[in-house]
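The values are calculated or read from the model by the stated rules, or taken from the named source; none is laboratory data. Everything numeric here is computed off the predicted structure, so don't read it as measured data. Neighbour counts are summed over all protein chains in view; Cβ atoms, including those assigned to glycine, are modelled from backbone coordinates with ideal geometry. When the accessible area is computed, the model is the full protein with side chains, heavy atoms only, and any ligands, DNA or RNA have been set aside. Shrake-Rupley method; radii C 1.70, N 1.55, O 1.52, S 1.80 Å.
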Amino acid sequence: MAAGPSLLPDSILYHIFLNLGPVDLLSAGLVCRRWYQVSRDEFLWKELFYHHYHVQRHVQRSPGSDSWYDEFQRLSDGAPCVEVERLREHSDQVLHISFSHSGDLCASCSKDCTAKIWSTRHPLSLLHSANMRPHHWNYTQFSQFNSDDTLLLVSGVFVGPHNSCAGEIAVFSLDGFHLLSRVRNKPYDVFGCWLNNSHLVSGNLHRMGRVTSCSVLWLNKAFQDVESENLNVVKRLFKIQNLNASTIRMVMVAESPDLLVEAGGKGEEVEQRPPPAQEEEEAEDEGEEDAQIAAALQLFMEDNGQLQEPEPPLTDEQFETKVAQWYAKYRTKEADGPHSGEESKKYLIFTTGSLTYSPHQIGIKQLLPHQMSTEGPVLGEERGPNEFFDSLDHVINIHGHIIGMGLSPDHRFLYVNSRSWPKDCVISNPMYPPPIAEEIELRVYDLKTLREVKEPLRAHRAYTPNNECFFIFLDVSKDFVASGAEDRCGYIWDRHYNACLATLPHDDVVNSVAFCPVDQELLLSASDDCSIKVWRSRRSLRRPHNLPRPPSWSAPYDT
């Protein structure tokens with residue numbers, strides 16, 4: 001009886017094995033040498049791979065891989081999907097988690113208004129905690145280590161006079177975790193970011209009308225102790241008009257010599273942004289501002305002969321936007337064009353908009369060498385006398401509400417979490433954006449060409465309406481991309497195959513995920529359930545460093 005099956009022709013065994021799952025196939029290969037050889041057939045594992053991971057047939061094997069069996073093992077054994085720890089030191093919702101560049105530390109931010117620093121050696125341990133309530137913060141929301149891991153940027157919501165909410169950025173020294181400086185940041189969901197090891201970017205918002213405003217991006221020195229009145233600690237980078245109640249948010253820095261080298265003019269998803277418009281310097285008084293608005297109205301009337309009753313009549317918001325657009329035509333500095341010659345180019349990438357207040361576009365603006373530090377003229381006087389505002393270099397239209405962004409480790413690809421608007425929707429009132437889909441689309445853009453390069457990644461969902469939408473922080477490693485979701489799970493995909501590899505369950509909304517930058521088989525997730533979970537791959541748990549063994553040890557390939 002036992003010898004019967006081993007006499008089956010290899011072709012029959014092959015067709016039988018095609019109907020087995022990965023675990024059963026591996027078990028069958030242990031029966032005898034012949035079965036083992038058939039069970040390792042390359043075409044067999046190719047079919048199993050496409051079927052098991054639901055990969056489209058036109059997708060080829062990942063460059064550099066040796067076999068489909070090895071690829072299956074990499075995806076099932078290398079993704080960090082096994083929960084090994086759960087940290088409960090926060091007393092409220094955990095909003096963000098980030099790693100240091102060395103991978104030795106991580107930082108967390110929470111509605112409990114603390115920023116915490118952890119050692120990532122197993123088991124993770126709490127090193128420092130800073131309570132920001134004495135500084136009139138409501139909560140901490142974002143953190144980022146500088147390039148040499150000596151400083152930590154922490155962004156939060158500041159409660160101002162009359163309970164008004166704005167943002168503030170705090171800089172901590174990691175040598176003793178001392179607070180070094182604080183910087184205003186408005187609106188608070190600009191978040192802020194490091195431009196280099198000693199300078200950070202913040203934002204400010206100036207309103208001109210009901211739906212027209214101006215976003216100013218500032219460069220700030222991390223150490224703001226002034227040794228001389230001739231040393232600048234801040235410098236204005238760009239001043240950009242916002243139309244239809246939109247604002248600049250979620251600023252990040254991309255750095256690579258290959259960025260935008262093939263980006264041309266208008267494309268299917270990318271177009272040059274129309275010139276913008278806004279108010280003058282923060283120090284301008286109301287009388288001068290009124291004079292500018294009057295001048296804009298005069299320009300608008302001159303171009304139209306006279307102001308006649310339009311058909312159909314414009315609303316107040318539509319009229320204000322028309323005036324702002326015409327004002328911008330005469331008050332915006334033209335884009336400088338691409339600058340080459342530097343070994344490394346830096347760009348600011350942020351969410352923006354032109355149709356409504358919900359973020360639905362991605363703006364890109366190149367930084368020039370003299371803008372990398374606060375030295376030089378405080379306001380960067382490169383404009384002409386009538387050039388009040390800066391235009392953006394490129395804009396990516398998303399046609400939906402953007403709820404998160406992340407860069408690949410080489411800064412070549414931009415990953416965008418968005419919730420789509422209905423097809424062919426028309427926005428007639430900027431204060432009432434369209435409804436948004438529950439399904440989150442994770443879209444991928446090549447920053448060399450500014451083109452969308454893959455089908456969107458799908459699996460995660462969100463349920464809050466457009467006017468209550470919040471950011472869900474994603475992260476990208478060499479091989480994987482991960483994101484949180486409102487469906488109480490985090491998700492991991494393979495970047496090459498667009499295959500969803502695992503779900504990471506929590507008890508509430510997953511707000512943030514982060515890969516260790518030196519070990520992509522370690523992932524952290526932060527949730528509204530007030531906890532941080534630590535996830536490791538099955539392969540890493542078999543290494544001899546005393547980590548707990550994963551569940552279902554007998555089935556290591558079952559994802």
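Cβ-Cβ contacts under 8 Å between residues 6 or more apart (or on different chains), taken from a first residue in segment 87-99 that is closer than 19 Å to Pro123 by Cβ to a second residue that is open to solvent by 30 Å² or more (accessible area, probe 1.4 Å) and among the small types (Gly, Ala, Ser), are listed as Glu89/Ser129.
Does segment 203-217 include one or more residues that are over 30 Å from Ser354 (Cβ atoms) and either open to solvent by 20 Å² or more (accessible area, probe 1.4 Å) or out of contact with any strand residue (DSSP E or B) (no Cβ under 8 Å at 6 or more places or on another chain) (or both)? Reasoning before the result, please.
Within segment 203-217, the first condition is being over 30 Å from Ser354 (Cβ atoms), and the residues that meet it are none.
Within segment 203-217, not a single residue is over 30 Å from Ser354 (Cβ atoms) and either open to solvent by 20 Å² or more (accessible area, probe 1.4 Å) or out of contact with any strand residue (DSSP E or B) (no Cβ under 8 Å at 6 or more places or on another chain) (or both).
Selection within segment 466-502: residues that are in contact with an Asp or Glu (Cβ under 9 Å, 6 or more places away or on another chain) and part of a strand (DSSP E or B). The member of this set that is nearest to Leu95 (Cα to Cα) is Ser483. Here Glu486 meets each of (1) under 22 Å from Tyr53 (Cβ atoms); (2) surrounded by fewer than 23 Cβ atoms within 10 Å (Cβ to Cβ) with one exception, condition (1). Considering only residues of segment 434-457 that are of a type in the set (Lys, Arg) and more than 19 Å from Cys500 (Cα to Cα), which is most open to solvent (accessible area, probe 1.4 Å)? Here the answer is Arg451. Working only within segment 328-382, note down all residues that are hydroxyl-bearing (Ser, Thr, Tyr) and either under 13 Å from Leu392 (Cβ atoms) or at pLDDT below 80 (or both). Tyr330, Thr332, Ser340, Ser344, Tyr347, Thr351, Thr352, Ser354, listed by residue number. In segment 533-558, the qualifying residues are those that are of a type in the set (Ser, Thr, Tyr) and open to solvent by less than 40 Å² (accessible area, probe 1.4 Å), and the one that is modelled with the highest pLDDT is Ser537. Taking Val211 as the residue in question, decide whether it is assigned to a strand (DSSP E or B) and of a type in the set (A, V, I, L, M). Taking the combined requirement at face value, the residue does not satisfy it.
Look at Ser477 and say whether it is over 23 Å from Glu71 (Cβ atoms), in contact with a Ser or Thr (Cβ under 9 Å, 6 or more places away or on another chain) and open to solvent by less than 50 Å² (accessible area, probe 1.4 Å).
Judged against the criteria, Ser477 is not a match.
For segment 516-532, a tally of residues being over 12 Å from Thr120 (Cα atoms), in a strand (DSSP E or B) and either basic (Lys, Arg) or open to solvent by 10 Å² or more (accessible area, probe 1.4 Å) (or both) returns 2.
Within segment 85-144, the set of residues being farther than 14 Å from Ser155 by Cβ, under 22 Å from the mean Cα position of the chain (by Cα) and part of a strand (DSSP E or B) comprises Val94, Phe99, Leu105, Cys106, Lys116, Ile117.
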